[in-house]
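A short write-up of the structure that comes next.
We did not get these values from a lab; they are worked out from the coordinates using the rules stated. Being a predicted model, the structure only gives us computed values, none of them experimental. Neighbour counts are summed over all protein chains in view; Cβ atoms, including those assigned to glycine, are modelled from backbone coordinates with ideal geometry.
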């Protein structure tokens, strides 16, 4: 028995770390053919490596385990020589929270240890690259998923298994219903393809919603003679302009003229600091990134966004058109869609669809 334990511990990975993850490209339409569809989780993409040297690596091949010490025990659950592709998430109120996850990337060990107890991270598994020293990357995804489900039987919290379906109608339902759990779309994987590191072989379909916003300020481009980005706001129930994000996707030919126009609209203030104003300090911000110029609220633009986080746009928005016909005061927070559906725990335990999950 002792010899068996030693043998298992000595099992090594069939390839050396770090390893680039297989990536996805964005499609505006749903792919047809032999695909498996999965929720797109809003966390840190990782490769989880078991013994002989447990590791947690980011998609950029950087070590993350020091920021998530509570996940060391989860890696110990994996058989030696095993590599899992997945996502680190932080969940509270049954929803994933990316802001809380970002708080974990901090140089102070005392802060990391405190947050690991207050808001412990979880792991969502969605692919298997190696198991007990066997390289699975050349196998089609359908076979890798079967192996992952077998592995799942022996794993417990904080592991979670992402649901999967080959039924397009189910995936399209998940696209809307699972957003309430913190998913920001659906990922499609070819059932017949192997795992190709560093290549965009998967497909992701992300949410895209339109909303009319008030321009409350701007940042100057790094070249200094044109608009860099517009700062966007919506009015809340109290009639205060709430900063909600920015838009920077403008043709270079328009940016100089835009700067001239918005310079003529400069104002002492625009956003209400008690609602939410831009330029708040964070560990990622710099003095330059916080510089912005307020303008008189009145210019309205239509943009599209993919995701909300704490009443703001998670990513940069996409410009669609100017709205000179829209009164600024009609641009209110109630334009934002609040998704309804099952929470994280229901999605990953199969409580909403009959899929195999970790116990």
Order these by the 10 Å Cβ neighbour count, fewest first: 331, 183.
331, 183
Distance from the stretch 169-215 to the stretch 13-42 (C-alpha centre basis), Å
10 Å
To the nearest whole percent, what portion of all C-alpha pairs in the stretch 16-72 is separated by more than 12 angstrom?
73 percent
Any chance you could give the angle, 0 to 90 degrees and rounded to 10, that helix 141-152 forms with the longest Cα principal axis of the chain?
70 degrees
Determine, for 333, 103, the number of other Cβ atoms within 10 Å of each Cβ, and report the residues in order from fewest to most.
333, 103
Rg followed by Dmax, in Å, when the stretch 42-198 is reduced to its Cα trace:
15.7, 47
Using a Gaussian network model of the chain whose springs link C-alpha atoms within less than 10 Å, name the residue from 253, 121, 80 with the highest mean-square fluctuation.
253
Averaged across orientations, what area in nm² does the convex hull of the alpha carbons in the stretch 204-281 project?
7.3 nm²
When the chain is fully extended, how far beyond the present Cα-Cα distance does residue 172 get from residue 92, taking 0.36 nm per residue of separation?
26.3 nm
What is the list of residues in the stretch 72-88 whose amide nitrogen lies under 18 Å from a point 7 angstrom out from the Cα of residue 45, following Cα to Cβ?
83-88
Taking neighbour counts of Cβ atoms within 10 Å as a proxy for exposure, in what order, fewest first, do 242, 72 appear?
72, 242
Mind pulling the per residue volume of the convex hull built on the Cα atoms of the stretch 56-97? Å³ is fine.
100 Å³
Eigenvalues of the alpha-carbon gyration tensor of the stretch 1-103, times 5 and square-rooted, give semi-axes in Å, largest first, of 29, 19, 13
The stretch 24-114, relative contact order [Cα under 8 Å, separation at least 6], %
28 percent
Could you tell me the relative contact order of the chain? Use alpha-carbon pairs under 8 Å, at least six residues apart, and round to a whole percent.
19 percent
With springs only between Cα atoms under 10 Å apart, run a GNM on the chain and tell me which of 271, 250, 141 wobbles the most.
250
So if the hydrodynamic radius of the stretch 182-321 is defined as the Kirkwood radius over C-alpha pairs, what does Stokes-Einstein give as its diffusion coefficient at 20 °C and 1.002 mPa s, in µm² per second?
128 µm²/s
From the coordinates shown, mean projected area of the Cα convex hull in nm² corresponds to which of (1) 20.6; (2) 17.3; (3) 16.4:
(1)
Taking a ≥ b ≥ c as the square roots of the Cα gyration tensor eigenvalues, with a/c under 1.5 meaning rounded and otherwise prolate when a/b beats b/c or oblate if not, the stretch 150-192 comes out oblate
